[in-house]
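To keep things clear, I will list the structure first and then write my remarks on it.
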Amino acid sequence: TGFMLACRYGCKDVVKLLLGYSDPKIELNARNTRGFTALMWACWNGNKDVVQLLLDHSERIELNARTIDGWTAVMIACEKGHKDVVQLLLNHSERIELNARNNNGMTAFLWACFDGCKDIVQLFLGHSDRIELNARKTDIGFTGLMMACELGHKDVVKLLLENSEKID
């Protein structure tokens with residue numbers, strides 16, 4: 001939809017305009033054939049200002065939508081390494097399923113460890129009361145620490161070891 005494209009490409013003023021309309025033809029939670037929503041596209045491209053706009057209208061935006069592969073917006077932001085977007089989503093975490101798993105058993109935290117995104121892992125450690133830091137990828141049983149070790153993400157491994165009181 002036009003709304004999805006505006007979110008995907010970071011057209012903040014257009015997104016703001018469309019959010020201001022109550023026309024039912026403007027489907028704020030429409031999905032493409034892979035199940036992506038406008039919020040997911042904004043997270044994919046790291047469009048922080050657009051994500052903030054969508055979160056400001058969160059009563060109308062489906063924050064926990066899933067792609068056909070089970071991905072959520074927060075997983076996408078983590079996998080893409082968009083720290084500022086992840087921070088915005090964590091600020092609204094009371095309405096976001098932070099420990100959701102995709103079809104491969106990965107959580108947002110596991111993606112951050114897998115990709116070696118130290119800054120995002122640090123954000124999750126700051127929200128350890130709401131994040132399942134000991135989650136295991138369902139098919140192989142690896143934790144975030146195990147993935148970071150396997151992939152040689154030294155900074156993430158060090159960070160997790162420094163916060164070992166929060167993880168098993």
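The values are calculated or read from the model by the stated rules, or taken from the named source; none is laboratory data. These figures come from a predicted structure and were not determined experimentally. Here the Cβ is made from the backbone with ideal geometry for all residues, glycine too, and neighbour counts use every protein chain on show. SASA here: full protein model, heavy atoms, side chains in, ligands and nucleic acids out. Shrake-Rupley method; radii C 1.70, N 1.55, O 1.52, S 1.80 Å.
One table, with the values for the structure above:
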quantity	calculated
Residue under evaluation LEU160, criteria (1) open to solvent by less than 70 Å² (accessible area, probe 1.4 Å); (2) part of a loop (DSSP other than H, G, I, E, B); (3) farther than 18 Å from MET75 by Cβ, criterion not met	(2)
Every pair of residues 6+ apart whose Cβ atoms lie under 8 Å, when the first sits in the range 139-168 and is touching a residue at least 24 places away in the same chain (Cβ under 8 Å) while the second is open to solvent by 70 Å² or more (accessible area, probe 1.4 Å) and hydrophobic (A, V, I, L, M, F, W, C)	GLY144/PHE114; LEU145/LEU161; MET147/PHE114; ALA148/PHE114; LEU151/PHE114
Whichever residue in the range 74-88 is open to solvent by 40 Å² or more (accessible area, probe 1.4 Å) and within 10 Å of the chain's Cα centre (by Cα) and, among such residues, is nearest to ASP139 (Cα to Cα)	GLU79
The listed residue being open to solvent by less than 80 Å² (accessible area, probe 1.4 Å), aromatic (Phe, Trp, Tyr) and part of a loop (DSSP other than H, G, I, E, B), out of TRP71, TRP111	TRP71
Subset of the range 123-157 that is open to solvent by 90 Å² or more (accessible area, probe 1.4 Å) and assigned to a helix (DSSP H, G or I) - its residue that is nearest to LEU90 (Cα to Cα)	ASP155
The range 2-11, residues that are open to solvent by less than 80 Å² (accessible area, probe 1.4 Å) and not in a helix (DSSP H, G or I)	GLY10, CYS11
Members of the range 89-108 found to be surrounded by fewer than 19 Cβ atoms within 10 Å (Cβ to Cβ) and under 13 Å from LYS48 (Cβ atoms), listed by number	ASN91
Residues that are open to solvent by 90 Å² or more (accessible area, probe 1.4 Å) and outside any helix (DSSP H, G or I), drawn from the range 12-67	TYR21, SER22, PRO24, LYS25, GLU27, ARG31, THR33, ARG34, GLU59
